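Below is one structure; the comments refer to it alone.
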Amino acid sequence: MATAIHGAGRWIQIIGSDHEAAAFDAIINVGTAVANELPWVTVNSSGWLARVATAPSGANELPWFPASANACGSLAAACLGAGAAFLTILGRPPNISHEISLFSHQEADLGMLHAGPALPSGPLEIDAFLVGCGAVTNGWAYTIKRLPIVGRLQAIDRQALRIENLGPYVLATRAQIRTPKAQIIAELLAPTIVVTPRPEEWELFKIRLNYGITVPALIVNGLDHVGTRHSVQRLWPETLVDMAAGALTTQVIVKPAATDALCLLRALDIPPGELEWAERLALETGLSPERIRNGSVTEITKADIDTAGTAHGTQLEKSRGKLICGRVTEQNLTMEADNPDCASAVPFVTAFSGVVGAAESLKRLMGISSSLHYQRHFQSNRSRALRMLCDPECECQKYQGKHAGDGVD
Ligand SMILES: [Zn+2]
């Protein structure tokens, strides 16, 4: 595992006793004991619950009771443990002793919460879009893989894996660099969930909705770009789960269409300076934004090449006669330049966002989903789950219970 992630020559040392553990900067114990004299973090899980206690909290034991196995609770505990160990290594060991429920999103003192309902004995069936296959979606897929879920997904992401993704992506290994991110999700979830990888721009994927692909009841977002998140919201799926992470904060929003709960249009403002998708691609390819928006299934012409100027003309000349959408997909998958606006989050934050998103997806499949506006801050170790409403003037109120498949565009 160390080689797959960190490269050749890296290895994991196996030790035999707590005595040897004293030589390390941080210790994670999956169990119940807390050694207060060491830089110690203990985590465990029962059902939907994740528990964590650190040495500075003074707790000398983490409670535990058996409950039906549930990857949401155990993987959330893993994220809490990794987060506490990270802060400990930084010399800021957190004072935490609490448990959280991935079912109710309550946070409480140790031993207070119920483990939540058992998972069904038979598999649940998913049919969804997964939009964006980056860091938070890696956490989502890692969790879903370990839940009793079968079915199918359309996974949409325009990029291929790059070396800087290895840190925040829990699924990524060096061998996958330059593999489309949607393909990585497909390979992970096979064979129980059949994923159609769509290594393409969301707005170009949307054209497929006119040619046989229908809007599913569930859409799961793992996107940074607010304009794209609004565009997904405007399909008005029955349930939209939007997962996000930035710095040390996780956020998950669940919007059931047939409610007045807060939708992404009101929850997220497009930041000043965020480029609209076709404008971004115009800068990267030399094609005009209008041609990208309205002519994506037409061929690149001499006029396109002449308009592009010297910076992009040579590249476009090579693509002459090919479809614009093909050039766009190629540009996205091979893009070398870093996005200067990308504020990378650390893996325990992104993965935690994915775990919460997976729990909400699971609840939707179990028929017990409701609206949610959830945040957790890994520095303050506080989380909150709010029920926020949209105003009657919001677009989402007009489309309550209607979907793109019903003729709304
Ligand atoms: Zn709204």
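The values are calculated or read from the model by the stated rules, or taken from the named source; none is laboratory data. Bear in mind that the values here come from a model prediction, so they are computed numbers and not experimental data. Cβ coordinates were reconstructed from backbone atoms using ideal geometry, including for glycine residues, and neighbour counts include every protein chain displayed. Just the protein is used for accessible areas: all its heavy atoms, side chains included, with ligands, DNA and RNA removed. Shrake-Rupley method; radii C 1.70, N 1.55, O 1.52, S 1.80 Å.
Tabulated results
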| read-out | value |
| --- | --- |
| Complete set of residues in the stretch 246-282 that are away from the ligand (no atom under 16 Å from the Cβ) and either basic (Lys, Arg) or on the phi > 0 side of the Ramachandran plot (or both) | 247, 273, 280 |
| Residue that is least open to solvent (accessible area, probe 1.4 Å) [pool: residues in the stretch 91-125 that are charged (D, E, K, R) and touching a Ser or Thr at 6+ places or on another chain (Cβ under 8 Å)] | 107 |
| Pairs with Cβ under 7 Å, 6+ apart, first in the stretch 229-245 and under 11 Å from residue 255 (Cβ atoms) and open to solvent by less than 10 Å² (accessible area, probe 1.4 Å), second among the hydrophobic types (A, V, I, L, M, F, W, C) and in a loop (DSSP other than H, G, I, E, B) | 233/263; 236/257; 236/408; 237/215; 237/217; 237/257; 239/217 |
| Complete set of residues in the stretch 371-398 that are part of a loop (DSSP other than H, G, I, E, B) and either away from the ligand (no atom under 16 Å from the Cβ) or among the basic types (Lys, Arg) (or both) | 378, 379, 380, 381, 387 |
| Unmet requirement for residue 11, which otherwise passes all of (1) closer than 21 Å to residue 347 by Cα; (2) open to solvent by less than 50 Å² (accessible area, probe 1.4 Å); (3) out of contact with any Pro (no Cβ under 9 Å at 6 or more places or on another chain); (4) not basic (Lys, Arg) | (2) |
| Out of 79, 133, sole residue that is touching a Lys or Arg at 6+ places or on another chain (Cβ under 7 Å) and buried (at least 22 other Cβ atoms within 10 Å of the Cβ) | 133 |
| Single condition residue 65 does not satisfy, out of (1) in contact with a strand residue (DSSP E or B) (Cβ under 7 Å, 6 or more places away or on another chain); (2) closer than 24 Å to residue 351 by Cβ; (3) open to solvent by 10 Å² or more (accessible area, probe 1.4 Å) | (2) |
| Inter-residue pairs, beta-carbon under 8 Å, first under 18 Å from residue 200 (Cα atoms) and in the stretch 272-288, second among the small types (Gly, Ala, Ser) and surrounded by 15 or more Cβ atoms within 10 Å (Cβ to Cβ), 6+ apart | 276/227; 277/227; 282/288; 285/308; 287/308 |
| From 194, 150, residue being over 20 Å from residue 235 (Cβ atoms), open to solvent by 50 Å² or more (accessible area, probe 1.4 Å) and part of a strand (DSSP E or B) | 194 |
| Members of the stretch 209-246 that are among the acidic types (Asp, Glu) and farther than 19 Å from residue 395 by Cα | 224 |
| Residues being farther than 23 Å from residue 146 by Cα and open to solvent by less than 10 Å² (accessible area, probe 1.4 Å) - total across the stretch 202-225 | 1 |
| Sole exception among (1) outside any loop (DSSP other than H, G, I, E, B); (2) more than 13 Å from the ligand (Cβ to nearest atom); (3) charged (D, E, K, R) for residue 242, by number | (2) |
| Residue match in the stretch 287-306 (condition: away from the ligand (no atom under 16 Å from the Cβ) and assigned by TED's automatic domain parsing to the domain that holds residue 130) | no |
